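The structure appears below as C-alpha coordinates.
The values are calculated or read from the model by the stated rules, or taken from the named source; none is laboratory data. Bear in mind that the values here come from a model prediction, so they are computed numbers and not experimental data. Neighbour counts run over all protein chains shown; Cβ positions are idealised from the backbone, glycine included. The area values use the complete protein model at the heavy-atom level, side chains included, leaving out ligands, DNA and RNA. Shrake-Rupley method; radii C 1.70, N 1.55, O 1.52, S 1.80 Å.
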Amino acid sequence: MTTIVKLGGSIITDKTEYRRFMKHDTEKVVSMLSSLGDDLVLVHGGGSYGHIKAREYGIPGPINERSRKGFSLIHCDMLGLNAEVSEILISNDYRFISLPPAGFIFGRTRSYSAFRKYFESGFMPVTFGDVYVKSDTEYGIYSGDTLVYDLARIFTPERVIFLSDVDGIFNRNPKLYSDARLLSRLDEDATFQPSAIDVTGGIGRKLEIMKKVRRYAKSVYLINGLKPERLRMLDSPDLIGTVIK
Ligand code: ATP
Ligand code: IPE
(Lines give C-alpha, C1' and ligand atoms only; values in the text may rest on other atoms or scores of the structure.)
(Ligands and ions follow the chains in the order given, each with its own letter.)
Protein backbone atom coordinates (compact mmCIF):
# COMPACT_ATOMS: atom_id res chain seq x y z
CA MET A 1 0.00 0.00 0.00
CA THR A 2 1.16 3.54 -0.75
CA THR A 3 1.68 5.79 2.26
CA ILE A 4 2.93 9.37 2.40
CA VAL A 5 4.62 10.30 5.67
CA LYS A 6 5.46 13.78 6.95
CA LEU A 7 8.16 13.70 9.61
CA GLY A 8 7.61 16.95 11.48
CA GLY A 9 10.48 19.27 12.28
CA SER A 10 9.28 18.99 15.88
CA ILE A 11 10.35 15.31 15.89
CA ILE A 12 13.65 15.38 14.05
CA THR A 13 14.99 18.63 15.53
CA ASP A 14 14.85 20.54 18.77
CA LYS A 15 12.84 23.51 17.52
CA THR A 16 14.32 25.84 20.14
CA GLU A 17 17.98 25.36 19.27
CA TYR A 18 19.45 26.27 15.86
CA ARG A 19 20.49 23.16 13.91
CA ARG A 20 19.97 20.66 16.71
CA PHE A 21 19.24 17.29 15.12
CA MET A 22 17.38 14.76 17.29
CA LYS A 23 19.18 11.66 16.13
CA HIS A 24 17.74 9.16 18.58
CA ASP A 25 14.10 10.15 17.99
CA THR A 26 14.65 10.13 14.23
CA GLU A 27 16.21 6.67 14.37
CA LYS A 28 13.31 5.32 16.40
CA VAL A 29 10.66 6.66 14.04
CA VAL A 30 12.51 5.66 10.87
CA SER A 31 12.97 2.10 12.04
CA MET A 32 9.29 1.89 13.03
CA LEU A 33 8.27 3.20 9.58
CA SER A 34 10.22 0.45 7.87
CA SER A 35 8.25 -2.14 9.85
CA LEU A 36 4.98 -0.87 8.30
CA GLY A 37 5.96 -2.63 5.08
CA ASP A 38 4.25 0.09 2.98
CA ASP A 39 5.60 1.75 -0.15
CA LEU A 40 6.55 5.11 1.25
CA VAL A 41 6.97 8.65 0.05
CA LEU A 42 8.74 10.63 2.78
CA VAL A 43 8.62 14.36 3.46
CA HIS A 44 10.45 15.97 6.35
CA GLY A 45 10.12 19.38 7.94
CA GLY A 46 12.76 21.92 8.83
CA GLY A 47 12.36 22.61 12.54
CA SER A 48 15.33 24.57 13.84
CA TYR A 49 17.23 24.07 10.55
CA GLY A 50 14.63 26.20 8.77
CA HIS A 51 12.38 28.40 10.81
CA ILE A 52 14.92 30.23 12.98
CA LYS A 53 17.01 31.68 10.13
CA ALA A 54 13.92 32.19 7.97
CA ARG A 55 12.57 34.58 10.59
CA GLU A 56 15.98 36.26 10.95
CA TYR A 57 16.39 36.84 7.18
CA GLY A 58 12.81 37.86 6.40
CA ILE A 59 11.68 34.80 4.44
CA PRO A 60 8.91 34.60 3.31
CA GLY A 61 9.27 38.15 2.08
CA PRO A 62 10.71 40.47 -0.54
CA ILE A 63 13.87 39.68 -2.44
CA ASN A 64 16.79 41.85 -1.36
CA GLU A 65 20.48 41.38 -0.56
CA ARG A 66 19.77 40.17 2.96
CA SER A 67 17.05 37.67 2.08
CA ARG A 68 19.20 36.39 -0.81
CA LYS A 69 21.93 35.57 1.69
CA GLY A 70 19.37 33.93 3.98
CA PHE A 71 17.97 31.92 1.08
CA SER A 72 21.31 30.20 0.39
CA LEU A 73 22.03 29.70 4.09
CA ILE A 74 18.65 28.13 4.84
CA HIS A 75 18.81 25.92 1.77
CA CYS A 76 22.27 24.78 2.84
CA ASP A 77 21.00 24.03 6.36
CA MET A 78 18.08 22.05 4.94
CA LEU A 79 20.45 20.00 2.79
CA GLY A 80 22.40 19.35 6.01
CA LEU A 81 19.28 18.15 7.80
CA ASN A 82 18.37 15.98 4.84
CA ALA A 83 21.88 14.46 4.97
CA GLU A 84 21.32 13.58 8.65
CA VAL A 85 18.00 11.93 7.85
CA SER A 86 19.54 10.18 4.82
CA GLU A 87 22.26 8.56 6.92
CA ILE A 88 19.60 7.04 9.13
CA LEU A 89 17.67 5.85 6.07
CA ILE A 90 20.85 4.20 4.77
CA SER A 91 21.43 2.45 8.11
CA ASN A 92 17.88 1.13 7.92
CA ASP A 93 18.53 -0.19 4.41
CA TYR A 94 16.00 2.00 2.59
CA ARG A 95 16.23 2.39 -1.20
CA PHE A 96 15.54 6.09 -1.53
CA ILE A 97 16.29 9.24 -3.48
CA SER A 98 16.29 12.78 -2.08
CA LEU A 99 14.67 15.39 -4.30
CA PRO A 100 15.12 18.95 -2.98
CA PRO A 101 12.22 21.31 -3.84
CA ALA A 102 14.57 23.68 -5.71
CA GLY A 103 14.76 21.02 -8.41
CA PHE A 104 11.03 20.88 -9.09
CA ILE A 105 9.43 24.09 -7.75
CA PHE A 106 10.12 27.53 -9.21
CA GLY A 107 7.60 30.35 -9.11
CA ARG A 108 4.28 28.82 -10.08
CA THR A 109 5.87 25.83 -11.79
CA ARG A 110 5.74 22.45 -10.06
CA SER A 111 6.90 19.27 -11.70
CA TYR A 112 6.64 16.08 -9.73
CA SER A 113 7.36 13.62 -12.54
CA ALA A 114 10.64 12.45 -10.98
CA PHE A 115 8.74 11.34 -7.87
CA ARG A 116 6.50 9.10 -9.91
CA LYS A 117 9.39 7.68 -11.94
CA TYR A 118 11.62 6.90 -8.97
CA PHE A 119 8.69 5.45 -7.04
CA GLU A 120 7.79 3.20 -9.96
CA SER A 121 11.34 1.96 -10.16
CA GLY A 122 11.34 0.93 -6.52
CA PHE A 123 12.77 3.97 -4.74
CA MET A 124 11.24 5.86 -1.86
CA PRO A 125 11.18 9.55 -2.91
CA VAL A 126 12.26 11.86 -0.09
CA THR A 127 11.77 15.61 -0.02
CA PHE A 128 11.59 18.39 2.56
CA GLY A 129 10.25 21.83 3.34
CA ASP A 130 12.56 24.49 1.90
CA VAL A 131 12.92 28.03 0.67
CA TYR A 132 11.80 28.72 -2.92
CA VAL A 133 11.49 31.54 -5.41
CA LYS A 134 7.84 32.50 -5.22
CA SER A 135 7.85 35.28 -7.83
CA ASP A 136 10.18 37.87 -9.37
CA THR A 137 9.99 39.88 -6.17
CA GLU A 138 9.44 37.36 -3.38
CA TYR A 139 11.01 34.37 -1.69
CA GLY A 140 8.75 31.88 0.05
CA ILE A 141 8.86 28.78 2.18
CA TYR A 142 7.39 25.68 0.64
CA SER A 143 6.39 23.72 3.71
CA GLY A 144 6.57 19.97 4.10
CA ASP A 145 2.82 19.93 4.74
CA THR A 146 2.15 21.59 1.37
CA LEU A 147 4.48 19.12 -0.33
CA VAL A 148 2.44 16.33 1.25
CA TYR A 149 -0.70 17.83 -0.25
CA ASP A 150 0.84 18.08 -3.73
CA LEU A 151 2.13 14.51 -3.48
CA ALA A 152 -1.22 13.19 -2.25
CA ARG A 153 -2.83 14.57 -5.41
CA ILE A 154 -0.28 12.72 -7.51
CA PHE A 155 -0.09 9.40 -5.66
CA THR A 156 -3.68 9.14 -4.29
CA PRO A 157 -2.25 7.05 -1.43
CA GLU A 158 -4.11 4.72 0.93
CA ARG A 159 -2.83 6.66 3.88
CA VAL A 160 -1.10 9.88 4.77
CA ILE A 161 0.54 10.14 8.17
CA PHE A 162 1.60 13.40 9.77
CA LEU A 163 4.02 12.79 12.63
CA SER A 164 4.28 15.67 15.05
CA ASP A 165 5.03 16.28 18.74
CA VAL A 166 1.42 16.13 19.89
CA ASP A 167 -0.88 13.12 20.41
CA GLY A 168 -3.36 14.31 17.78
CA ILE A 169 -5.93 17.04 17.30
CA PHE A 170 -7.58 18.04 20.57
CA ASN A 171 -10.69 20.09 21.18
CA ARG A 172 -8.27 22.70 22.52
CA ASN A 173 -4.53 23.13 23.02
CA PRO A 174 -3.42 20.21 25.25
CA LYS A 175 -0.28 22.09 26.28
CA LEU A 176 -2.43 24.79 27.85
CA TYR A 177 -5.51 22.87 29.02
CA SER A 178 -5.12 19.68 31.03
CA ASP A 179 -8.73 18.73 30.33
CA ALA A 180 -8.28 18.95 26.54
CA ARG A 181 -9.92 15.99 24.82
CA LEU A 182 -8.25 14.02 22.02
CA LEU A 183 -10.44 13.87 18.91
CA SER A 184 -9.57 10.36 17.74
CA ARG A 185 -11.74 10.36 14.72
CA LEU A 186 -12.83 13.36 12.71
CA ASP A 187 -15.37 13.13 10.01
CA GLU A 188 -14.70 15.58 7.26
CA ASP A 189 -17.74 17.80 7.47
CA ALA A 190 -19.20 17.94 10.94
CA THR A 191 -16.12 18.22 13.09
CA PHE A 192 -14.44 20.91 11.11
CA GLN A 193 -16.87 23.56 12.28
CA PRO A 194 -14.56 26.30 13.58
CA SER A 195 -16.47 26.39 16.85
CA ALA A 196 -15.97 22.67 17.53
CA ILE A 197 -12.19 22.78 17.74
CA ASP A 198 -10.06 25.51 19.18
CA VAL A 199 -6.87 25.33 17.15
CA THR A 200 -4.14 27.89 17.37
CA GLY A 201 -1.02 28.57 15.31
CA GLY A 202 0.54 25.85 13.23
CA ILE A 203 -1.90 23.13 14.19
CA GLY A 204 -4.76 25.11 12.63
CA ARG A 205 -2.91 25.12 9.32
CA LYS A 206 -2.12 21.43 9.71
CA LEU A 207 -5.75 20.60 10.28
CA GLU A 208 -6.71 22.52 7.13
CA ILE A 209 -4.09 20.65 5.11
CA MET A 210 -5.23 17.30 6.56
CA LYS A 211 -8.75 18.08 5.51
CA LYS A 212 -7.64 18.92 1.97
CA VAL A 213 -5.36 15.86 1.77
CA ARG A 214 -8.31 13.64 2.70
CA ARG A 215 -9.80 14.32 -0.74
CA TYR A 216 -6.99 12.26 -2.26
CA ALA A 217 -6.18 9.70 0.46
CA LYS A 218 -8.36 7.07 2.13
CA SER A 219 -7.16 7.91 5.65
CA VAL A 220 -5.21 10.84 7.03
CA TYR A 221 -3.56 10.54 10.44
CA LEU A 222 -1.91 12.84 12.94
CA ILE A 223 0.21 10.79 15.31
CA ASN A 224 2.83 11.57 17.94
CA GLY A 225 6.14 10.80 16.25
CA LEU A 226 7.90 10.83 19.62
CA LYS A 227 5.91 7.68 20.38
CA PRO A 228 6.35 5.89 17.07
CA GLU A 229 5.25 2.51 18.47
CA ARG A 230 1.75 3.91 17.95
CA LEU A 231 2.27 3.37 14.23
CA ARG A 232 1.63 -0.31 14.92
CA MET A 233 -1.98 0.55 15.79
CA LEU A 234 -2.93 2.41 12.59
CA ASP A 235 -5.81 0.07 11.83
CA SER A 236 -6.91 -0.43 15.43
CA PRO A 237 -9.79 1.42 17.13
CA ASP A 238 -7.39 1.78 20.11
CA LEU A 239 -4.99 3.97 18.12
CA ILE A 240 -3.85 7.01 20.08
CA GLY A 241 -3.95 9.76 17.49
CA THR A 242 -6.39 11.49 15.15
CA VAL A 243 -7.63 9.93 11.96
CA ILE A 244 -9.80 11.47 9.27
CA LYS A 245 -11.50 8.75 7.29
P1 ATP B 1 5.64 19.74 12.87
O2 ATP B 1 6.96 20.46 12.97
O3 ATP B 1 5.64 18.52 13.71
O4 ATP B 1 5.19 19.50 11.46
P5 ATP B 1 4.15 22.14 13.20
O6 ATP B 1 5.30 23.07 13.40
O7 ATP B 1 3.53 22.20 11.84
O8 ATP B 1 4.55 20.66 13.55
P9 ATP B 1 2.97 23.40 15.43
O10 ATP B 1 2.81 24.74 14.86
O11 ATP B 1 4.06 23.18 16.44
O12 ATP B 1 3.05 22.33 14.27
O13 ATP B 1 1.59 22.88 16.05
C14 ATP B 1 1.59 21.81 16.93
C15 ATP B 1 1.30 22.35 18.28
O16 ATP B 1 0.04 23.02 18.26
C17 ATP B 1 1.13 21.30 19.34
O18 ATP B 1 2.39 20.93 19.89
C19 ATP B 1 0.22 22.00 20.36
O20 ATP B 1 0.96 22.59 21.38
C21 ATP B 1 -0.45 23.13 19.58
N22 ATP B 1 -1.92 23.08 19.54
C23 ATP B 1 -2.74 24.16 19.65
N24 ATP B 1 -4.05 23.82 19.61
C25 ATP B 1 -4.06 22.46 19.45
C26 ATP B 1 -5.13 21.50 19.33
N27 ATP B 1 -6.41 21.86 19.34
N28 ATP B 1 -4.79 20.19 19.16
C29 ATP B 1 -3.49 19.82 19.12
N30 ATP B 1 -2.44 20.68 19.24
C31 ATP B 1 -2.71 21.99 19.40
C1 IPE C 1 9.97 24.35 6.87
O2 IPE C 1 9.32 23.18 6.53
C3 IPE C 1 11.18 24.58 5.98
C4 IPE C 1 11.85 25.88 6.23
C5 IPE C 1 11.53 26.73 7.16
C6 IPE C 1 12.96 26.21 5.35
P7 IPE C 1 8.07 22.75 7.45
O8 IPE C 1 7.16 23.92 7.63
O9 IPE C 1 7.48 21.52 6.82
O10 IPE C 1 8.80 22.39 8.81
P11 IPE C 1 8.21 21.95 10.22
O12 IPE C 1 7.83 20.52 10.13
O13 IPE C 1 7.01 22.85 10.52
O14 IPE C 1 9.36 22.20 11.16
Point to revise | Computed accessible area, residue 150, all protein chains, 1.4 angstrom probe, square angstrom | key: 20
Practice item. List the relative contact order of the range 1-155 as a percent without decimals, with contacts defined as Cα pairs under 8 Å and 6+ residues apart. Key: 27
Revision key, fill the gap. Spelling it out for residue 44: with amide H atoms placed in the peptide plane at 1.01 Å from N, the residues 5 or more places away or on another chain with amide H under 5 Å from its amide H are 7, 127, 128, 129
Check your understanding: Just how far, in whole angstrom, is the range 26-55 from the range 201-245 if you go by their alpha carbon centroids?
Key -> 15
Check your understanding: If packing is taken as the mean number of other Cβ atoms within 10 Å per residue, what is the order of 63-76, 41-54, highest first?
Key -> 41-54, 63-76
Practice item. Only helices at least 27 Å long along their axis, Cα-based, and averaging 0.0 or more on Kyte-Doolittle count here, so list those DSSP H runs from the chain. Key: 65-91
Point to revise | Antiparallel %, DSSP beta bridges [both residues in the chain], to 5 | key: 35
Review point. Carbon and sulfur: what percent of the chain's accessible surface (1.4 Å probe)?
Key: 49
Point to revise | Burial order of peptide ranges 6-18, 83-95 (average beta-carbon count within 10 Å, highest first) | key: 6-18, 83-95
